[in-house]
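One structure below.
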Amino acid sequence: MEESIRSFAGYLKFEKRYSDHTIRSYTDDLYAFAGFVREEFGGMELGAITPAVIRTWLASLKDGGLASRSVNRKISTLRSFYKYQIRTGVVGQTPMTAIIGPKASSRLPVFVELGNMEELFGEVEFPDDWGGRTDRLILMILYQTGIRLSELVGLKEGQVDRGNRSIKVLGKGNKERVVPVSASLMGAIEEYRERKRALSGGADMEVLLVGPKGGKLYPRYVYRVVRGYLAQVTTIEKKSPHVLRHTFATHLMNGGAELNSVKELLGHASLAATQVYTHNTIEKLKDIYKKSHPKA
């Protein structure tokens, strides 16, 4: 089974062009499943694995306290894995047709209120040094473009189009999308680029955002920046770069943006992934109704 997993990983990397992080998530799930089959059933050929074997593994995960959402992700991994094995002729049929995942409770995306974001950029003081300038631009880009963490740290200077006031984003599966930016954000990016050229010791001129020593930013650094500054303006429990992506989308929807436009800006493959933001908009309308209507 390990050889089949390695082959599948190669397919994800070279044909699907998934990121290393995504491939690792797939292979971690598959190696965990292979380990379970080896320990509980003494090892089996891929074609001999039945739906009952898979259900036993899934049940053990649930008994271990794994959330339904995470269990469903592992089911999705196995579906993709077996689909590839059929395609390559390793197996003739998939046991996944008989597998039904647990129902996951729907969770609305966590986002920062508009007033809190205005407070962040209007009242919070950023240090007047390279770190402070970088931190502020990180937050501006995440909130005003909705790009993912991986897209941010990989953003290159050549992807910034000053003339068209836009940035070209390389998203999941190496799919490109163009995201428009405001005049104020483009101005901040241009000022940052000029100051970067004057950094002592030189700086990485390929990537847009760099640390005090001129090197490419690490994702952990961005997490730390987002958590630290959001903690100054909001009490929401989760504070992460992805929360700013949710905030970008939610504020667009609350401002009347069309769902399909938000989908394109986020780089979602289908509308289903974007529709979750309509629920936040509906909840906002309910709240306005309760506060404003005399019969509410």
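Data table
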read-out	value
Most fluctuating residue given options G158, G187, G65, as computed from a GNM of the chain linking Cα atoms under 10 Å	G65
Cross-link table K74/K290; K172/K213; K103/K238; K83/K216; K74/K196, entries beyond 32 Å C-alpha to C-alpha	K74/K290; K83/K216; K74/K196
GNM result for the chain, Cα springs below 10 Å: residue of S60, S19, S150 fluctuating most strongly	S60
Apportionment of accessible area to carbon and sulfur, the chain, percent (1.4 Å)	50
Sparse-neighbourhood loop sites, GluC sites (Glu not before Pro) in the range 13-110 - DSSP loop, at most 14 other Cβ within 10 angstrom	E15, E45
Rounded Å value of the spacing that divides the Cα centres of the range 55-83 and the range 154-191	38
Average accessible surface area per residue within the range 1-124, 1.4 Å rolling probe, Å²	59
Exposure ranking of K74, K175 by accessible area [1.4 Å probe, largest first]	K175, K74
The range 151-232: radius of gyration over Cα atoms, expressed as a fraction of 2.2 N^0.38 Å	1.15
Cα-projected label distance for A198 with R73, points at 7 Å along beta-carbon direction, nm	4.4
Exposure ranking of R197, R107, R177 by accessible area [1.4 Å probe, largest first]	R107, R197, R177
Difference of contour (0.36 nm per residue) and Cα-Cα distance, S184 to R227	13.1 nm
Loop-located GluC sites (Glu not before Pro) in the range 225-275 whose Cβ has at most 14 other Cβ within 10 Å (DSSP)	E237, E258
Nearest 10 degrees, 0 to 90: helix 68-87 Cα axis against the chain principal axis	60
Under 5 Å, built H, 5+ apart or other chain: amide partners of K156	L208
Accessible-area ranking of T56, T278, largest first, probe 1.4 Å	T56, T278
0 to 90° range, to nearest 10: angle between helix 276-292 axis and the chain longest Cα axis	60
Nearest 10 degrees, 0 to 90: helix 2-14 Cα axis against the chain principal axis	30
Radius of gyration and Dmax over the Cα atoms of the range 39-136, both given in Å	23.1, 64
For the range 118-262: rounded, prolate or oblate by the Cα gyration tensor [a/c cutoff 1.5]	oblate
GluC sites (Glu not before Pro) lying in DSSP loop within the range 103-197, provided at most 14 other Cβ fall within 10 Å	E113, E123, E125
Residue-wise HN-Hα coupling along the range 53-62, computed from phi with Karplus coefficients 6.51, -1.76, 1.60 (Hz; x: Gly, Pro)	5, 5, 4, 4, 5, 4, 5, 5, 5, 5
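The values are calculated or read from the model by the stated rules, or taken from the named source; none is laboratory data. Please read these numbers as outputs of a predicted model, since none were measured by experiment. So basically every Cβ, Gly included, is an ideal-geometry build from the backbone, and we count neighbours across all protein chains shown. We work out accessible area using only protein heavy atoms, side chains counted, and drop any ligands, DNA or RNA first. Shrake-Rupley method; radii C 1.70, N 1.55, O 1.52, S 1.80 Å.
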